[in-house]
Protein chains: 2
Amino acid sequence: MSDPFVVVGADAAGLSAASKFRREAPDREVVVFEKGRWISYAYCGMPYFIEGRVERMSDLLSLSPSEVAERGIDLRRGCEVVGVDPDAKTVAVETAEGERLEQDYDDLLVATGGRADPGPFDVRGPDGAFTLHDMDAAAAIDAYIAEPNAYDPDRADVDAVDRGRVERNAAMPAPETAAIVGGGYVGVEMAEALVGRGLDVHLFHRSGHLLSDFGEAVGERVEAELDAKGVTVRTNAPVEELVGDDRIEGIAFDAGDGPETLPVDLAVVGVGIRPNTELLDGTEIETGEGGAIRTDEYGETSLRNVYAAGDCATATHAVTGEETWVPLGLTANRAGRAVGATVAGDPSRAGDIAGTAVVKAFDMEAGRVGLIEEEAAREAGFDPVRETVTAGSRSGYYPGAAETDVTLVADRDTGRLIGGSIVGPDRAAIRIDTLATALEADMTVPEVERLDLAYAPPFSPVWDPILVAAKVLNGTLDEE
Amino acid sequence: MSDPFVVVGADAAGLSAASKFRREAPDREVVVFEKGRWISYAYCGMPYFIEGRVERMSDLLSLSPSEVAERGIDLRRGCEVVGVDPDAKTVAVETAEGERLEQDYDDLLVATGGRADPGPFDVRGPDGAFTLHDMDAAAAIDAYIAEPNAYDPDRADVDAVDRGRVERNAAMPAPETAAIVGGGYVGVEMAEALVGRGLDVHLFHRSGHLLSDFGEAVGERVEAELDAKGVTVRTNAPVEELVGDDRIEGIAFDAGDGPETLPVDLAVVGVGIRPNTELLDGTEIETGEGGAIRTDEYGETSLRNVYAAGDCATATHAVTGEETWVPLGLTANRAGRAVGATVAGDPSRAGDIAGTAVVKAFDMEAGRVGLIEEEAAREAGFDPVRETVTAGSRSGYYPGAAETDVTLVADRDTGRLIGGSIVGPDRAAIRIDTLATALEADMTVPEVERLDLAYAPPFSPVWDPILVAAKVLNGTLDEE
């Protein structure tokens, strides 16, 4: 073995790349450094673990270290890459034991992911305050919610778990009132999870509607659903401070008519994530949107033979053709796989992203794609026209038909579809894939209106909600 | 009012056309002739009425005659158009009372729909034998299944119902064993409906797998589902005869190792439909696929100012660009609406059809689009390559994840996606819209593989089943 392909980070992007590379280039070495002990975990599954819907933490792991080894990948856990020398083509590695070593690379993939950005909030201070971007935090929250010492240790059945932290949290008094700071999808999913654990849940959101990226129509329906399920939603309520010294005691927030403090004994902060790029400090590497590492369509960075993929890397937006940063699971898997193939000698594009996202909030489902907000559309050079319709999810006479809101956004001049959202309780989320496909095909709204979509009473009315929305938006485009 | 627009047939296509025309050309007259008393009924809802899931027959009507009149449409029920004189631009009309009259037209739309084709079977002979393509048949089946004289007359709460036929069927002994002849989607939906009514149901299908148009992968899963729900499915079992004089007594069929007769007391024949074109006999009008009236992209026939739309008309296939005949609800509504606009002076294309269809079979859902069978693909000039994969509908750790089979068919030379199917119990059917959109955008399989489809554990795994199928099919295309 020689010409090593060195991968930094053993999650979605890193292991996809290493696995693909291993299959395509069996004669070359591949080394994966992971600073922690966790590998291959499903970040998106954490709220469902905390809710109790997923029984064991190990269910969230898609590959064990031994399975990775069986693939012929040299996985080194507890090894943090702390520096890159692109001229010498080496990385500097620090082991958990404090050793320092150097590793040559022929090709390097930075797949370091992202981490929760707690904003101005001190989540490392009081007990009972958490962010949610790693498995240790999920295990700790889960243990903290349990009655003191009633925690089932089989739940966190993974070697990598920080058992000390879990046990410390399990010993604390069980919380009764939870605040979630941030009404993005992590916040919404956590609201459902914590209600499922019997807590009194309060969700704070800085702006006027939840799930800001999904547009107003989605935000309103999801807020109504959370409300119906017992969550107290406070929009336009910026949180100012987590109150408490040893343990979280309250949430200080701007109630509109003045500051207020809500007593809570659990706080989960989900206000954003940021890319992990520190290992590249001191290099000339270019960064872009969101501070993520700038990549071309093959995932290569501005440094030769250095690639980046996943939550730490930029991607190209399918609608704007411009650089964007949307840290999501499919993007990471796909880009990792493409880099693995490219480095192995089969140049493969990572593929554009359309900004497709879906979220479940109790019995409500929502999806979004492309450019929805006026400002984002204008910035990208479009003149956005938007319509929202409410249509049935099935034939009106078929039981279970439910109101589905579809928002479509088009460019006034060209009639091109540039974004959309769907929300409703009946199979609403997965319908967003239809819009994602139309977006990536650069379809106009008249073309969308002529799509031959499925009709059968249990699944869709004759005119699918998407077709109804296209018809209405076309009417608006025609008027002008 | 003058320059009359005459429409023949008051269902999906005819009333969509008349309504659209009325709005766009308020100064012109629009007359709709309907030979029967029924208008605007949801053919696709009939199995669900018979099942009892839809409470009243009137729930299946989308417009009442008085609502049509309120729209300013001159609706004349009980008026059969029996001839067309394209030179004189007149139609000959026979009323239910036996009167004959002539009506001028400026533009004519033939929207006469289709009717059940009973094949070689005598469904008009014995009691208890039915086809299912009109509301009177649905009401009669529903009444026949009820215990003698226990029929709830509120069920068939529509003036247009043939009450004599309903009462006669309601008085007959209730059946216990039902045969369905034909395993297309009507047959499959009726199997579910009749099991729902407590009958012992036997489904006979001529060829080797149910739902022939959906491909083998779907047929097998649906057959297994019917079997699990207590339906006896007999494939490769051509029915030879309905046995019985006054009342149906049995089904004579080819059991493979010889003829056999199954005693039944209800038979529903669903072996096909044919277009209603008799009123054009004696004209030079061109017909095409399936004997349907040939139309151009605006719905105009070979006769000037004569249009056709809906189940009696051809359409253009999105994949082949060739003429096709797929009698389905959306096609009818869409083509009718386009003709209404075109005749009113705003030339509008009906839109291609992709052959999209979905069906529910108990807890199984299936969808199909484009060209699936080898022979159809070859006839259209493609060299088809096909792969079927089984993938999870959700992240494996999320409860409710279910096996979803996706079949994709591509053209070997170009890599273009030309057809596909999806089957599974968890939100499988509506996913076909993604493939329909990809087909209509002429996407290649590599393009499908790069689609940014939705991912969230409750709705889809990281790699949606469609992406998994595209990946596998690309592998096959690459090998060759």
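The values are calculated or read from the model by the stated rules, or taken from the named source; none is laboratory data. Note that the coordinates shown come from a computational prediction; the quantities given were computed from them, not determined experimentally. Cβ sites come from the backbone with ideal geometry, for glycine too, and all protein chains shown count toward neighbours. Surface accessibility is based on the protein's heavy atoms, side chains included, excluding ligands, DNA and RNA. Shrake-Rupley method; radii C 1.70, N 1.55, O 1.52, S 1.80 Å.
Structural remarks
- Summed over the stretch A:173-186, residues that are out of contact with any helix residue (DSSP H, G or I) (no Cβ under 6 Å at 6 or more places or on another chain), modelled with pLDDT of 95 or more and not charged (D, E, K, R) total 9.
- Among (1) open to solvent by less than 20 Å² (accessible area, probe 1.4 Å); (2) under 23 Å from B:Met46 (Cβ atoms), the one test that B:Arg168 misses: (1)
- Residue check for B:Glu323: under 20 Å from B:Val81 (Cα atoms) and under 22 Å from the mean Cα position of the chain (by Cα): no
- Residue that is surrounded by the most Cβ atoms within 10 Å (Cβ to Cβ) [pool: residues in the stretch B:17-44 that are among the small types (Gly, Ala, Ser) and at pLDDT 95 or above]: B:Ala17
- All of A:Asp452, A:Asp413 fail the test of being more than 8 Å from chain B (Cβ to nearest Cβ), in a loop (DSSP other than H, G, I, E, B) and modelled with pLDDT of 95 or more, apart from A:Asp413.
- Among residues of the stretch B:350-368 being facing chain A (nearest Cβ under 8 Å) and not hydrophobic (A, V, I, L, M, F, W, C), the one that is most open to solvent (accessible area, probe 1.4 Å) is B:Asp352.
- Here is the figure for the stretch A:71-98: residues that are open to solvent by less than 40 Å² (accessible area, probe 1.4 Å) and over 12 Å from A:Val7 (Cβ atoms) total 9.
- Filter result for B:Phe49 (more than 14 Å from chain A (Cβ to nearest Cβ) and aromatic (Phe, Trp, Tyr)): no
- Residue tally, condition within 11 Å of another protein chain (Cβ to nearest Cβ) and either open to solvent by less than 20 Å² (accessible area, probe 1.4 Å) or of a type in the set (Phe, Trp, Tyr) (or both), over the stretch B:337-349: 1
- Enumeration of residues in the stretch A:310-323 that are of a type in the set (Ser, Thr, Tyr) and open to solvent by 20 Å² or more (accessible area, probe 1.4 Å): A:Thr316, A:Thr320
- Flag set for A:Arg115, criterion: in a strand (DSSP E or B) and basic (Lys, Arg).
- Condition met for A:Thr283 (modelled with pLDDT of 95 or more, in the same structural domain as A:Thr331 (by TED's automatic domain parsing) and either out of contact with any helix residue (DSSP H, G or I) (no Cβ under 7 Å at 6 or more places or on another chain) or over 21 Å from A:Thr177 (Cβ atoms) (or both)): yes
- Residue, farthest from the other protein chains (Cβ to nearest Cβ), within the stretch B:389-406, restricted to residues that are touching a Leu at 6+ places or on another chain (Cβ under 9 Å) and part of a strand (DSSP E or B): B:Val389
One line per residue, one yes/no per condition, for (1) closer than 30 Å to A:Gly215 by Cβ; (2) charged (D, E, K, R):
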| residue | (1), (2) |
| --- | --- |
| A:Cys79 | no, no |
| A:Gly98 | no, no |
| A:Gln103 | no, no |
| A:Asp107 | no, yes |
| A:Asp136 | no, yes |
| A:Ala156 | no, no |
| A:Pro173 | no, no |
| A:Gly187 | yes, no |
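- Matching option when the condition is away from chain B (no Cβ under 11 Å), among the hydrophobic types (A, V, I, L, M, F, W, C), part of a strand (DSSP E or B) and crowded, with 19+ Cβ neighbours inside 10 Å, among A:Ile372, A:Ile422, A:Ile418: A:Ile418
- Out of A:Arg349, A:Arg386, A:Arg378, one residue alone is without any contact (Cβ under 8 Å) to a residue 60 or more places away in the chain, over 20 Å from the mean Cα position of the chain (by Cα) and not in a loop (DSSP other than H, G, I, E, B). It is A:Arg378.
- The stretch B:455-471: number of residues that are facing another protein chain (nearest Cβ under 8 Å), assigned to a loop (DSSP other than H, G, I, E, B) and not aliphatic (A, V, I, L, M): 6
- Residues that are at the interface with another protein chain (Cβ under 7 Å from one of its Cβ atoms), aliphatic (A, V, I, L, M) and buried (at least 24 other Cβ atoms within 10 Å of the Cβ), drawn from the stretch B:425-449: B:Ala429, B:Ile430, B:Ile432, B:Ala436, B:Ala438
Listed here are the residues, each with its yes/no results for (1) farther than 19 Å from A:Asp245 by Cα; (2) open to solvent by 60 Å² or more (accessible area, probe 1.4 Å); (3) over 29 Å from the mean Cα position of the chain (by Cα).
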position: A:Arg100; (1), (2), (3): yes, yes, yes
position: A:Gln103; (1), (2), (3): yes, no, yes
position: A:Pro120; (1), (2), (3): no, yes, no
position: A:Gly125; (1), (2), (3): no, no, no
position: A:His133; (1), (2), (3): yes, no, no
position: A:Asp136; (1), (2), (3): yes, no, no
position: A:Ala139; (1), (2), (3): yes, no, no
position: A:Asp159; (1), (2), (3): yes, yes, no
position: A:Pro173; (1), (2), (3): no, yes, yes
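- Scanning the stretch A:298-320 for residues that are within 13 Å of chain B (Cβ to nearest Cβ), of a type in the set (Val, Ile, Thr) and in a loop (DSSP other than H, G, I, E, B) yields a single hit, A:Val319.
- Just so you know, in the stretch B:190-223 the residues that are in contact (Cβ under 8 Å) with a residue 40 or more places away in the chain and out of contact with any Gly (no Cβ under 9 Å at 6 or more places or on another chain) include one that is nearest to B:Leu262 (Cα to Cα), and it is B:His202.
- Of the listed requirements (1) within 28 Å of A:Phe459 (Cβ to Cβ); (2) open to solvent by less than 30 Å² (accessible area, probe 1.4 Å), B:Leu61 misses just one: (2).
- Residues considered: B:Ala69, B:Ala92. Of these, the only one that is within 18 Å of B:Thr277 (Cα to Cα), free of Cβ contacts under 8 Å to residues at least 40 places away in the same chain, of a type outside the set (Phe, Trp, Tyr) and away from chain A (no Cβ under 12 Å) is B:Ala92.
- A:Glu102 vs. criteria in contact with a Cys (Cβ under 8 Å, 6 or more places away or on another chain), assigned to a strand (DSSP E or B) and of a type outside the set (A, V, I, L, M, F, W, C): no
- Total residues in the stretch B:148-157 satisfying the condition of being of a type in the set (Asp, Glu) and open to solvent by less than 70 Å² (accessible area, probe 1.4 Å): the figure is 1.
- Taking the criterion of being more than 17 Å from B:Val359 (Cα to Cα) and either out of contact with any Asp or Glu (no Cβ under 8 Å at 6 or more places or on another chain) or open to solvent by less than 50 Å² (accessible area, probe 1.4 Å) (or both), the residues of the stretch B:175-189 that qualify are B:Pro175, B:Thr177, B:Ala178, B:Ala179, B:Val181.
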